[in-house]
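Here's the structure we're looking at; comments come further down.
The values are calculated or read from the model by the stated rules, or taken from the named source; none is laboratory data. The structure presented is a predicted model; accordingly, all values stated were derived computationally and were not measured. Note that we place each Cβ from the backbone using ideal geometry, even for glycine, and neighbour counts take in every protein chain shown. Note: accessible area is taken over every heavy atom of the protein model, side chains too, but ligands, DNA and RNA are not part of it. Shrake-Rupley method; radii C 1.70, N 1.55, O 1.52, S 1.80 Å.
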Amino acid sequence: MEIGSDHKDFFSRRCVWVNGPIIVGAGPSGLAVGACLKEQGVPFIVLERADCIASLWQNRTYDRLKLHLPKQFCQLPKLPFPDYYPEYPTKIQFIDYLESYAQHFEINPRFNECVQSAKYDETSDLWRVRSFSTKGSGVKGGGEVEYICRWLVVATGENAERVIPEIEGLAEFMGQVIHACDYKSGKDFKGKQVLVVGCGNSGMEVCLDLCNHCAIPYMVVRSSVHVLPREVFGKSTFETAVFLMKWLPLWLVDKLLLFLAWLVLGGTEKYGLKRPSVGPFELKNTQGKTPVLDIGALEKIKAGEINVVPGIKRISLGRVELDDGQNLEVDSIILATGYRSNVPSWLQESDFFSKNGFPKQPFPNGWKGKSGLYAVGFTRRGLSGASLDATRIAQDIGRVWKEETIQTKQFIACHRRCISQF
């Protein structure tokens, strides 16, 4: 009898049974699920392709980065930030918090495990997760491993892979071209003219950092953008919005925020920063576009130290031609063009996730699929959204786990009584 190719693969690689869920990704979302499962008494394993937890934060962020939101909106379940942390923790402080979080809940990811595919086997009602271990951190000897489990938690998040835009002539540019994930500090660009493509929080902050290190940044603004002050009269703008949304409809909260932003920042359109027709929080909820929380870049724009320019038409050697016909000679290009989900590249499933790598159901219903499939960190609501989903996932798995544990104990007790009577 001929054995199918899937079954041949199954028998040719090492198989590991996981007595609990597999969590793919050891970022903040994956750690949050792990901590909540610990509280439920459910065993699990975490597979992480990098060699550390929170690799995005540790390896792909710039030096001056701080949390954009107050710490109470960024802490993970079951363990708050230390009291002595500032309201907006630094990158180093946040990484230290995550390291202590993993230690506190005894979460030990299997590092250097790159998941190649995950597929639900309807015959066995189990998930088959194929991983390649580059250093043998999880299984001795490295190589390819097949993990078998009942539950699969996708925690690779919204920012798994960098986005590189298609720009005519970009490959021909003679200067340095890097993505914002490879940018560390403006000290390497002192005295240089730098084109920053993107006007989100990263693009704005990179431009500000370049200014502070005596570089000359040009910021490409291709579309409309909401710029809000990080604080209004000493109070966090985000915290103010959360409070208002308890009592007022979203459209009214947006109007109040824009009024407050105008009081604090003034008009932005005359500086090349046109506001979208949709309010900042409605835009965030419907399209996932985060408003910029200004920490000083707008003042540099007003002073002419950050030059706002329109979209790029083409690039050739050391020259950049813009949509308005203007030509710039720049030394370097930094692509602050964001990230994307990588779920479609490895998860063989189409009912729960869409082609863009996000759950089809919007928040708050995008955390649970069919056949034991879960998603965390895809809410477009930051760490607070991930924490909420992590709690729900652990409770859902924990409920089934406890029911089956009770049934197993009852079966064993019954079996023992039968043997004793016999």
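Data table
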read-out	value
Verdict on residue 180 being open to solvent by less than 50 Å² (accessible area, probe 1.4 Å), touching a Phe, Trp or Tyr at 6+ places or on another chain (Cβ under 6 Å) and under 21 Å from residue 309 (Cα atoms)	no
Filtered residue count, the range 270-290, keeping only those that are within 28 Å of residue 170 (Cα to Cα) and not in a helix (DSSP H, G or I)	6
Verdict on residue 291 being under 21 Å from residue 87 (Cα atoms), surrounded by 19 or more Cβ atoms within 10 Å (Cβ to Cβ) and under 21 Å from the mean Cα position of the chain (by Cα)	yes
Residue among 5, 29, 12, 100 that is modelled with pLDDT of 95 or more and loosely packed, with under 14 Cβ neighbours inside 10 Å	100
Residue list for the range 263-289, restricted to those being among the polar types (S, T, N, Q) and over 16 Å from residue 222 (Cβ atoms)	277, 285, 286
Filter result for residue 81 (buried (at least 18 other Cβ atoms within 10 Å of the Cβ), in a helix (DSSP H, G or I) and in contact with a Phe, Trp or Tyr (Cβ under 7 Å, 6 or more places away or on another chain))	no
Given (1) open to solvent by 30 Å² or more (accessible area, probe 1.4 Å); (2) within 30 Å of residue 196 (Cα to Cα); (3) assigned to a loop (DSSP other than H, G, I, E, B), number of the condition residue 123 does not satisfy	(2)
Filtered residues of the range 190-200 (kept if open to solvent by 10 Å² or more (accessible area, probe 1.4 Å) and touching a residue at least 40 places away in the same chain (Cβ under 8 Å))	192, 193, 199, 200
Matching residues, the range 202-236, being buried (at least 21 other Cβ atoms within 10 Å of the Cβ) and polar (S, T, N, Q)	202, 236
Where residue 246 falls short, out of the listed (1) over 27 Å from residue 206 (Cβ atoms); (2) among the charged types (D, E, K, R); (3) surrounded by 15 or more Cβ atoms within 10 Å (Cβ to Cβ)	(3)
Verdict on residue 93 being part of a helix (DSSP H, G or I) and surrounded by fewer than 20 Cβ atoms within 10 Å (Cβ to Cβ)	yes
Lone qualifier among 317, 298, 256, 263 - being open to solvent by less than 60 Å² (accessible area, probe 1.4 Å) and of a type in the set (A, V, I, L, M, F, W, C)	298
Residue in the range 154-173 that is in a strand (DSSP E or B), open to solvent by less than 10 Å² (accessible area, probe 1.4 Å) and closer than 30 Å to residue 128 by Cβ present	yes
Tabulated pairs, the range 294-314, first farther than 14 Å from residue 272 by Cα and in a loop (DSSP other than H, G, I, E, B), second open to solvent by 40 Å² or more (accessible area, probe 1.4 Å) and of a type outside the set (Ser, Thr, Tyr), C-beta under 6 angstrom, 6+ apart or interchain	295/230
Which numbered condition residue 321 misses (of (1) touching a residue at least 40 places away in the same chain (Cβ under 8 Å); (2) in a strand (DSSP E or B); (3) not hydroxyl-bearing (Ser, Thr, Tyr))	(1)
Filtered residues of the range 328-367 (kept if closer than 15 Å to residue 196 by Cα and either of a type outside the set (A, V, I, L, M, F, W, C) or without any contact (Cβ under 8 Å) to a residue 60 or more places away in the chain (or both))	329, 331, 332, 337, 338
Residues of the range 181-213 classified as under 14 Å from residue 297 (Cα atoms) and assigned to a loop (DSSP other than H, G, I, E, B), total	4
Residues being in a helix (DSSP H, G or I), free of Cβ contacts under 8 Å to residues at least 24 places away in the same chain and closer than 30 Å to residue 333 by Cα - total across the range 214-269	1
Filter pass, residue 69 being modelled with pLDDT of 95 or more and touching a helix residue (DSSP H, G or I) at 6+ places or on another chain (Cβ under 7 Å)	no
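Conditions (1) of a type in the set (A, V, I, L, M); (2) closer than 27 Å to residue 80 by Cβ, marked per residue:
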site: 335; (1), (2): yes, no
site: 346; (1), (2): no, no
site: 355; (1), (2): no, no
site: 359; (1), (2): no, no
site: 373; (1), (2): yes, no
site: 378; (1), (2): no, yes
site: 382; (1), (2): no, yes
site: 390; (1), (2): yes, yes
site: 397; (1), (2): yes, yes
